[in-house]
Amino acid sequence: MMKQKAAGILLIVISLGALGFWEFWGRENLAYEQVIVLRQNIPENTEIVRSLLEVKRVENPGDQVLMEKDAAALIGMESAQFIPAGTPLHREFFQDPSLATGGNTGQYILSIPAEWLISFPQTLRRGDEVSFYYGEKQVTSARVAHVRDSSNQEVVSADDARLQATAPASQLEVVVTEAEAVKLAAMAEKGKRFMVLYS
């Protein structure tokens, strides 16, 4: 009888010890993952520098959350929206600075009507640098903001070589300054059409 009581007490002690170990050390160190968060709130179009980032342990962060190993890739990017401090970060929260628009950037997104164009490459993708040509003369250059299909969905490559796309491209949107937008529109109003090229 005494052995059974001792065994019962021992089991209780072991259970409590294991529970305490899990709650005070095990849960955070074994079940939590290290994700990247911001030290402070940042507004849209803020450049990301190392001092803004810190690591936080989070339980079940999800597949899309940026982890500690992703921190280096964020340096030099810009916030695409307001981001609260301490929020687990996602890739969609950030953008290449060359694609930033609005605010004090002086840049805007211009949708290029099909009637303005002679042609544009089907291999164009978001982030590409393109040139607008009228005849042999380069009119301006711009960064591609979006390449969309006929359903208004972003066209992306299904392979690294851009040999396969998710759909045929039908609509082109570019990041331009106000002066560049006015220049293109004025030429288009006179019936001039452009070739879009990239290298």
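The values are calculated or read from the model by the stated rules, or taken from the named source; none is laboratory data. Keep in mind the model is a prediction, meaning the values are calculated, not measured. Positions of Cβ are backbone-derived with ideal geometry, glycine not excepted, and every protein chain shown enters the neighbour counts. The protein model used for the area step is the full one, side chains on, heavy atoms only, and it has no ligands, DNA or RNA in it. Shrake-Rupley method; radii C 1.70, N 1.55, O 1.52, S 1.80 Å.
Provide a single number: the residues in region 145-180 that are without any contact (Cβ under 8 Å) to a residue 40 or more places away in the chain, assigned to a strand (DSSP E or B) and not aliphatic (A, V, I, L, M).
Residues meeting the conditions: 4.
Can you pull out the residues in region 107-129 that are within 24 Å of the chain's Cα centre (by Cα) and open to solvent by 40 Å² or more (accessible area, probe 1.4 Å)?
Residues satisfying the conditions are GLN107, TYR108, ILE109, SER111, GLN122, THR123, ARG126, GLU129.
Could you list, in sequence order, all residues of region 130-143 that are touching a residue at least 40 places away in the same chain (Cβ under 8 Å) and open to solvent by less than 50 Å² (accessible area, probe 1.4 Å)?
Correct list: VAL130, SER131, PHE132, VAL139, THR140.
Mind counting the residues in region 53-91 that are of a type in the set (A, V, I, L, M, F, W, C), closer than 18 Å to GLY103 by Cβ and surrounded by 13 or more Cβ atoms within 10 Å (Cβ to Cβ)?
3
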